[in-house]
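Okay, so here's the structure we're looking at.
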Amino acid sequence: MDTLREFHKRAPFLFFNGNTFAAIGRELSFALFSDLPAARQREVVSATAHYIAGVLDRDSMSQVVDALCAAADLAPGTRVKTLRGTAQGVILRALADGRVVWRTEAGTELTTMPETLVREE
């Protein structure tokens, strides 16, 4: 990813330079993170593409990737947020089929797959 970012900075093409190298980075990320659930994989791919295009710095990209690759141990009482951070809440219970029930700060109870949530720090 660092090499692709450096290529982007050198601007070897006249048009669509960022898109070219970000697209290469996206495809590499899909392959490298193929074992992640689809929602987390999309977020990792997006973070790496933004890093290559110069929108994110290396530390921010690394934090995103590390957080999304960490196994989510979501027990009742765990504070969580959505992948994009638009809603926060707490896990209420785990269901037999692997989904979790959580309550948002607004008081709404939602049922979702655990890979769509991250632990709040």
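Values quoted throughout were computed directly from the atomic coordinates according to the rules given, and no laboratory measurement underlies them. Please read these numbers as outputs of a predicted model, since none were measured by experiment. Note that each Cβ is placed from the backbone with ideal geometry, even for glycine, and that neighbours are counted across all protein chains shown.
Couple of notes before you dig in:
- What you get for the range 79-119, charging only the Cβ of Lys and Arg (+1) and of Asp and Glu (-1), is a dipole of about 140 debye around the Cα centre.
- In plain terms, the chain from Gln63 to Asn19 could stretch by 13.6 nm, reckoned as 0.36 nm per residue minus the Cα-Cα distance.
- Rg and Dmax of the chain, Cα atoms only, in Å: 17.1, 55
- In terms of its Cα atoms, the range 79-119 spans 26, 19, 13 Å along the principal axes, sorted from long to short.
- When the chain is described by a simple charge dipole with +1 on each Lys and Arg Cβ and -1 on each Asp and Glu Cβ, the residue from Val64, Gly89, Phe21 located farthest towards its positive end is Phe21.
- Segment Ala38-Arg103, length gained on full extension (0.36 nm per residue, minus Cα span): 21.1 nm
- Charged-residue dipole, Cβ positions (Lys, Arg, Asp, Glu), the chain about Cα centre, Debye nearest 20: 220 debye
- Descending Cα extents along the principal axes, the range 2-69, whole Å: 36, 21, 15
- As a rough footprinting exposure proxy, the listed residues Ser29, Ser62 were ranked by other beta carbons within 10 Å of their own, and the order from fewest upward is Ser62, Ser29.
- Stretching the chain fully between Glu27 and Gln88 yields a gain of 18.9 nm (0.36 nm per residue, less the alpha carbon separation).
- A DSSP coil position with no more than 11 other Cβ atoms inside 10 Å describes the following GluC sites (Glu not before Pro) in the range 74-116: Glu105.
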